[in-house]
1. With contacts defined as alpha carbon pairs under 8 Å and 6 or more residues apart, what's the relative contact order of the chain in percent?
2. Pick from SER104, SER270, SER94: which is most flexible by mean-square fluctuation in a GNM of the chain where alpha carbon atoms under 10 Å apart are linked?
3. Within region 17-109, list the trypsin sites (Lys or Arg not before Pro) lying in a DSSP loop whose Cβ has at most 12 other Cβ atoms in a 10 Å radius.
4. Taking loop as defined by DSSP and a crowding limit of 13 other beta carbons within 10 Å, which chymotrypsin sites (Phe, Trp or Tyr not before Pro) in region 192-274 fit?
5. Using a Gaussian network model on the chain with a 10 Å cutoff between Cα atoms, which of PRO36, PRO121, PRO107 fluctuates the most?
6. In whole angstrom, note down how far apart the Cα centers of region 195-224 and region 68-113 are.
7. In sequence order, what are the phi-derived ³J(HN,Hα) couplings for region 110-126 according to the Karplus relation 6.51 cos²θ - 1.76 cosθ + 1.60 with θ = phi - 60°, rounded to whole Hz, with x for glycine and proline?
8. Got a sec to turn the phi values of region 259-266 into Karplus ³J(HN,Hα) couplings, 6.51 cos²θ - 1.76 cosθ + 1.60 with θ = phi - 60°, whole Hz, x for Gly and Pro?
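Each value in this text was obtained by applying a stated rule to the coordinates, not by laboratory testing. Just so it is clear, the structure is predicted and the values come from calculations on it, not from any experiment. FYI the Cβ positions are ideal-geometry reconstructions off the backbone, even for glycines, and counts take in every protein chain you see.
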Amino acid sequence: MNQRLSSRTIFLLTLPPLLWAGNAIVGRLVHDQLPPVLLNFMRWGIAFFLLLPLAGPVFRREAGLWKHWKTYAMLGLLGIGMYNALQYMALQSSTPINVTLVASGMPVWMMLTGWLFFGVPVSRRQVVGAVLSIAGVLLVLARGEWRHVLELRLVAGDLFMILATIAWSVYSWMLTRATEPADIRANWASFLLAQVAFGVLWSGGFALGEQALGAIPVQWSWTLALALLYVATCPAVIAFGCWGAGVRAAGPAVGAFFVNLTPLFAAMLSSAFLGEAPHGYHAAAFALIVGGIVVSARRG
């Protein structure tokens, strides 16, 4: 597995956290207008039809998808059926700040998953990189004052985010182990659509269960329509396509550190929407997070 970070790989791994930061904000914005699991189903349902013109041949009988359907069913369950549904569930009772704080443990979960289930050793550089990266995230969440970290409290929604982070860790490692056929590997849209097809089935089943348990009614509005369009295109199709390519180039352990850019971008986007100027601690946090990425990616 090559862990050299080219400019292309850096771009592929940096764009998704920016789009996912917007996803967290939008998910919180519409949390009282649409049930979280139904939101996830509608998001990926729209993404499915967006991808279909780009990768429709992946469903042909002779395509390699059907020979490896179990792999794509599992990828669809973890990355599409579970991760975002759990994140939207977390945003029902937790704030984006707490959700991103819990998600900042991604490097730790990624290293543990690789070590426990995929036989990948953990290096000292990765541990140091994890400490630096998480320190940068905490600096943002503490708004430059460490005492604010002690004021954060975990709620039920944060437990959903822990489960989501574990699911994403396994999903990312599976991306590097997937042996997809040449006809799928040649087109990023085909690789993503193969996962989305199964993910929509999983999320649809989960949404039916949510409705049976008595979910809130949908409150349609132009805000909700625009929110659905955004989450189905930017953090779904675009971000997942970039993430898949980036992780397969750099490895999931390195990719996990880029995920920690999400709370930094979320803080910057919040500042922009609130009309607040960036602070010095944003630059310091960025330096720590990037430092963690560089340290973890260096060769011995």
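1. Reported relative contact order: 42 percent.
2. SER270
3. Passing sites in region 17-109 are ARG60, ARG61, LYS67.
4. Details: sites: PHE198, TRP202, PHE206, TRP220, TRP222, TYR230, PHE240, TRP243, PHE257, PHE258, PHE265, PHE273; in loops: TRP220.
Filter output for region 192-274: TRP220.
5. Evaluated over the chain, the most mobile residue of the options is PRO121.
6. Cα centroid to Cα centroid, the span is 17 Å.
7. Running phi through 6.51 cos²θ - 1.76 cosθ + 1.60 with θ = phi - 60° gives 5, 5, 5, 4, x, 6, 6, 10, 10, x, 9, x, 9, 8, 5, 4, 5 Hz.
8. 4, 5, 6, 4, x, 5, 5, 4
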